[in-house]
Amino acid sequence: MHSIGELARASGLTVSALRFYDSAGVLIPALVDPATGYRWYTGDQVAPARLVAGLRRVGMPVAEIAAALRVEPAQVHRLLDAHLRRLEDGLADARRELSRIRTLIDSEEPVMTTRLVMSRADLAAAVDAVRFAVGADPDLPAMAGVLFESDAAGVWLVATDRYRLAVARAAARVDGPAVRVLAPVAFVDELRALLDGGVGLTAEARLTVTAGTISFAVAGHALDAAALPYDFPDHRRLVRMAPDGPAHRLTIDAAALRAALTSADAPVVTRRHDGAPLAVTVLGPDGRGGVRLLGADELTGQEDTFRIGVNGGYLLQALDAAGRGQLLLESDGPIAPLAVRRPDDADAFSILMPIQL
């Protein structure tokens with residue numbers, strides 16, 4: 001048996017990465033000491049760990065890394081080919097962006113400021129849709145804020161803490177070049193509070209980005225902050241969907257699912273995480289196009305039936321962010337991310353990482 005430190009040295013993965021891949025159900029220890037919580041791995045797990053390390057270095061999404069450990073070599077080669085195409089597309093995008101940057105640098109009067117003017121209500125809704133997913137881990141400062149990314153027609157807001165991701169969009173009038181700026185969460189919270197102010201409720205909200213500073217103004221109130229100097233994770237790789245859509249799409253009533261999740265007798269399945277018990281919410285089809293909560297006694301038999309385990313608290317937050325009425329749950333399988341969407345807004349959704357059952 002190998003300790004987690006020994007496997008880290010043998011595979012090229014860090015100890016924290018091994019802990020993450022355990023929690024994501026990708027590379028699970030052969031044994032977890034019930035007294036100390038220490039993880040132990042067999043010699044047969046060294047080669048899969050090295051494969052994970054290699055796929056991680058080339059930026060393959062977690063769901064595809066998990067699939068690569070469980071499928072035949074021919075299918076792994078297909079995953080590698082698809083990922084290589086994504087990398088080539090990304091390189092082409094990077095070349096275009098670098099060309100744009102060179103043009104800005106060489107311009108005699110480069111545009112250094114971008115102004116975004118949008119509806120107060122639209123910006124408030126976008127912040128509410130992503131705020132819950134902001135990371136709080138001090139070791140991951142690049143996730144301690146909300147990404148604001150503009151295009152010709154508006155601004156995208158994105159937040160993630162590795163285990164969940166939320167995306168929303170607000171239409172805006174854009175004056176200036178496209179921007180990508182990471183706003184500190186304290187600034188975002190102050191901004192959101194001003195949007196709820198009682199004065200000038202119909203006033204437009206204005207965001208201005210210039211020289212590493214993001215400023216906000218609405219109804220006579222203003223605030224500004226230095227943008228966080230970190231590279232935000234590339235969320236597009238995670239949210240890129242298959243051309244023919246997800247393998248599973250289920251319609252749910254948000255209020256009914258919330259009531260089921262908060263019920264005193266809501267079923268959960270217990271798994272261990274970092275040596276401690278973890279309550280897992282398991283979703284499965286109800287036979288009517290929706291979902292229901294499954295108990296531990298329902299996980300044996302009918303292995304071909306779709307079911308997925310998630311953090312119930314995270315799911316509740318995603319439901320609250322999405323709003324009331326009917327919502328869509330989408331996934332490509334039990335080890336693929338679970339998307340929570342509004343059927344009338346393709347630009348606002350949350351993604352939860354699954355928990356190995």
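The values are calculated or read from the model by the stated rules, or taken from the named source; none is laboratory data. Model, not experiment: these values are computed from the prediction. Glycine gets a Cβ as well: all are built from the backbone with ideal geometry, and neighbour counts include every protein chain shown.
Taking the listed residues ARG86, ARG120, the one that is of a type outside the set (Phe, Trp, Tyr) and in contact with a strand residue (DSSP E or B) (Cβ under 7 Å, 6 or more places away or on another chain) is ARG120, with no other qualifying. Looking at LEU18, is it surrounded by 18 or more Cβ atoms within 10 Å (Cβ to Cβ), outside the structural domain of ARG272 (by TED's automatic domain parsing) and farther than 22 Å from LEU357 by Cα? So LEU18 fails the test.
Criterion applied to LEU319, LEU299, LEU294, LEU327 was being in contact with a Gly (Cβ under 6 Å, 6 or more places away or on another chain) and touching a residue at least 24 places away in the same chain (Cβ under 8 Å), and the one residue passing it is LEU294. Between ALA254, ALA247, ALA346, the distinction of being buried (at least 16 other Cβ atoms within 10 Å of the Cβ) and within 30 Å of VAL127 (Cα to Cα) belongs to ALA254 only. Among the residues of this structure, GLY333 counts as one that is assigned to a loop (DSSP other than H, G, I, E, B) and either of a type in the set (Val, Ile, Thr) or under 22 Å from ASP161 (Cα atoms) (or both). Scanning the stretch 4-38 for residues that are in a strand (DSSP E or B) and either touching a residue at least 60 places away in the same chain (Cβ under 8 Å) or within 21 Å of ALA68 (Cα to Cα) (or both) yields a single hit, VAL32. For the residues LEU157, LEU195, LEU140, the requirement of being free of Cβ contacts under 8 Å to residues at least 40 places away in the same chain, touching a Lys or Arg at 6+ places or on another chain (Cβ under 9 Å) and more than 18 Å from GLN317 (Cα to Cα) singles out LEU140.
If you scan the stretch 302-316, which residues turn out to be in contact (Cβ under 8 Å) with a residue 24 or more places away in the chain and polar (S, T, N, Q)? Of everything in the stretch 302-316, just one residue is in contact (Cβ under 8 Å) with a residue 24 or more places away in the chain and polar (S, T, N, Q), namely ASN311. Selection of the stretch 319-339 for residues being aliphatic (A, V, I, L, M) and either over 26 Å from HIS273 (Cα atoms) or out of contact with any Leu (no Cβ under 6 Å at 6 or more places or on another chain) (or both) yields LEU319, ALA321, ALA322, LEU327, LEU328, ILE335, ALA336, ALA339.
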